[in-house]
Each structure stands twice: as C-alpha cells, then as structure tokens.
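The values are calculated or read from the model by the stated rules, or taken from the named source; none is laboratory data. Being a predicted model, the structure only gives us computed values, none of them experimental. As a convention, Cβ positions derive from the backbone with ideal geometry for all residues, glycine included, and neighbour counts pool all protein chains shown. To get the accessible areas, we keep the full protein, side chains included, count just its heavy atoms, and leave off ligands, DNA and RNA. Shrake-Rupley method; radii C 1.70, N 1.55, O 1.52, S 1.80 Å.
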Amino acid sequence: MLRPTKHSHPDRTVINVALVLLARLKTRRLDEYDDLLKYARHAVSGGDVLFLPSLNFLFLMGLVEYHPKTDAIEYVGPNEAL
C-alpha cells in the first residue's frame with residue numbers, strides 16, 4: 001500500500017509522478033518511453049528514480065499499456081484495459 005508519511009515530500013512521491021505522467025499521456029495518448037522519462041526528469045525533482053515505480057503503478061491500475069515493438073506507452077483509460 002502506498003501511504004505517505006510525515007517525512008514524505010508531496011511533490012516527490014510515486015503518486016505525484018504518476019499523476020504528472022498520466023496528465024501528459026491523456027493529452028498525447030501515446031508517448032515513447034524515453035520521451036516520457038525525460039519529461040519526468042524535468043517535471044519532478046528525483047523523477048528519474050520515481051519514474052519506473054510510477055509507471056508500474058499506472059500499469060497495475062489498468063490505465064496504460066506498453067507496446068514493445070515501438071517502445072511506447074499508451075493511455076488506455078480506466079475501462080479499456082480490462
């Protein structure tokens with residue numbers, strides 16, 4: 001379970017980075033892995049470390065899919081992944 005503590009900075013959590021990535025993917029619908037990683041690095045301090053756990057969180061929630069042939073992440077929405 002992801003729970004913040006009193007020592008967690010609100011902008012440097014997995015949930016915040018997932019929200020930043022989700023907002024970008026909603027506008028673009030499809031983004032390459034490297035471009036999304038660069039965006040996370042510039043948008044959040046420590047985003048390079050939190051990028052993969054955030055992406056895993058979005059995948060587990062059923063909001064994104066990975067396409068290995070194009071090395072891209074696609075936003076599929078809450079109901080399309082089921």
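Residues in region 14-21: is at least one at pLDDT below 95, open to solvent by 60 Å² or more (accessible area, probe 1.4 Å) and within 17 Å of Asp71 (Cα to Cα)? There is no residue in region 14-21 that is at pLDDT below 95, open to solvent by 60 Å² or more (accessible area, probe 1.4 Å) and within 17 Å of Asp71 (Cα to Cα). Given the criteria part of a helix (DSSP H, G or I) and either in contact with a helix residue (DSSP H, G or I) (Cβ under 9 Å, 6 or more places away or on another chain) or at pLDDT 90 or above (or both), does Leu2 qualify? No: the conditions fail for Leu2.
Okay, residues lined up against (1) under 13 Å from Ala18 (Cα atoms); (2) of a type in the set (Ser, Thr, Tyr); (3) free of Cβ contacts under 8 Å to residues at least 24 places away in the same chain; (4) open to solvent by 90 Å² or more (accessible area, probe 1.4 Å):
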| site | (1), (2), (3), (4) |
| --- | --- |
| Val44 | yes, no, no, no |
| Asn56 | yes, no, yes, no |
| Leu63 | yes, no, no, no |
| Ala72 | no, no, no, no |
